[in-house]
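Data block below; observations after.
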Amino acid sequence: MTEKPTNKAQKLERIRTEILSSGICPDLAHSATNLVMGRGSPSAKIVFIGEAPGKNEDLQGVPFVGAAGKFLDEMLSTINLSIDEVYITNIVKYRPPNNRDPLPEEKRAFWPFLVRELQIVQPKLLITLGRHSMEYFLPGKRITEIHGQPKRIMFGNGKLVVLPLYHPAAALYNGGLRNTLLEDFLTIPAVLSLVNE
């Protein structure tokens with residue numbers, strides 16, 4: 001194994017340690033079972049960002065392992081990718097009680113850690129899953145209007161391409177959204193190849 005991925009993995013682990021020691025969102029931390037960081041390749045070209053862990057994620061301490069995660073795995077296979085080739089994380093790293101939406105102050109508290117995560121992984125393409133993660137990168141936009149449309153934004157010291165998609169969990173409960181998400185997902189290889197040019 002090369003040194004670079006190991007370094008990235010160690011840096012990501014440091015973020016985990018820092019969140020645990022800094023007491024971020026104590027109410028959330030108290031009600032959750034586990035802190036849920038990212039999974040996949042620390043050197044991935046594609047990063048997926050959801051909103052917050054659900055019940056299965058909280059129990060296992062791993063993001064996207066429930067029904068939505070299985071659906072995401074299936075969609076990845078349609079574009080010949082596996083979880084080992086991408087990186088998946090959430091803005092909020094603790095499960096909100098009863099799977100409620102994360103609160104604005106919870107997202108704000110975790111935002112600096114997400115920024116650092118992205119600075120370590122350095123993806124070519126950032127895919128937001130659902131409106132909660134989209135709104136931080138594309139403020140003022142509506143997912144119903146811009147889903148599946150790549151947008152180039154300034155991020156840190158450079159530019160980043162953001163592709164907003166519906167969240168797999170929403171698509172599981174809404175057949176129309178499911179088809180839309182599958183269609184949008186199939187554009188990922190073309191968007192990535194344009195980013196790489």
Checklist outcome for this item: Scanning the stretch 158-182 for residues that are in contact (Cβ under 8 Å) with a residue 12 or more places away in the chain and among the hydrophobic types (A, V, I, L, M, F, W, C) gives Leu160, Val161, Val162, Leu163, Leu165, Ala169, Ala170, Ala171, Leu172, Leu181, Leu182
Checklist entry - Do you know which residues across the stretch 59-80 are of a type outside the set (S, T, N, Q), free of Cβ contacts under 8 Å to residues at least 40 places away in the same chain and not in a loop (DSSP other than H, G, I, E, B)? => result Leu59, Lys70, Asp73, Glu74, Leu76
Item to check | All positions within the stretch 81-91 that are in a loop (DSSP other than H, G, I, E, B) and of a type in the set (Ser, Thr, Tyr) | outcome: Ser82
Item to check | Cβ pairs under 8 Å, 6+ apart, first in the stretch 120-142 and of a type in the set (S, T, N, Q), second buried (at least 23 other Cβ atoms within 10 Å of the Cβ) and assigned to a helix (DSSP H, G or I) | outcome: Thr128/Met134
Next on the checklist: Please go through the stretch 112-130 and give me each residue that is over 22 Å from Pro189 (Cα atoms) and either crowded, with 17+ Cβ neighbours inside 10 Å or small (Gly, Ala, Ser) (or both), ordered by number.
Outcome noted: Phe113, Leu114, Glu117, Ile120
Checklist entry - Which ones in the stretch 155-193 are over 17 Å from the mean Cα position of the chain (by Cα), modelled with pLDDT under 90 and at negative phi? => result Asn157, Gly158, Lys159, Leu172, Tyr173, Asn174, Gly175, Gly176
Next on the checklist: Which residue is farthest from Gln122 (Cα to Cα), if the candidates are limited to the stretch 33-50 and must be buried (at least 22 other Cβ atoms within 10 Å of the Cβ) and in contact (Cβ under 8 Å) with a residue 60 or more places away in the chain?
Outcome noted: Gly50
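The values are calculated or read from the model by the stated rules, or taken from the named source; none is laboratory data. Please read all numbers here as calculations on a predicted model, not as lab measurements. Neighbour counts run over all protein chains shown; Cβ positions are idealised from the backbone, glycine included.
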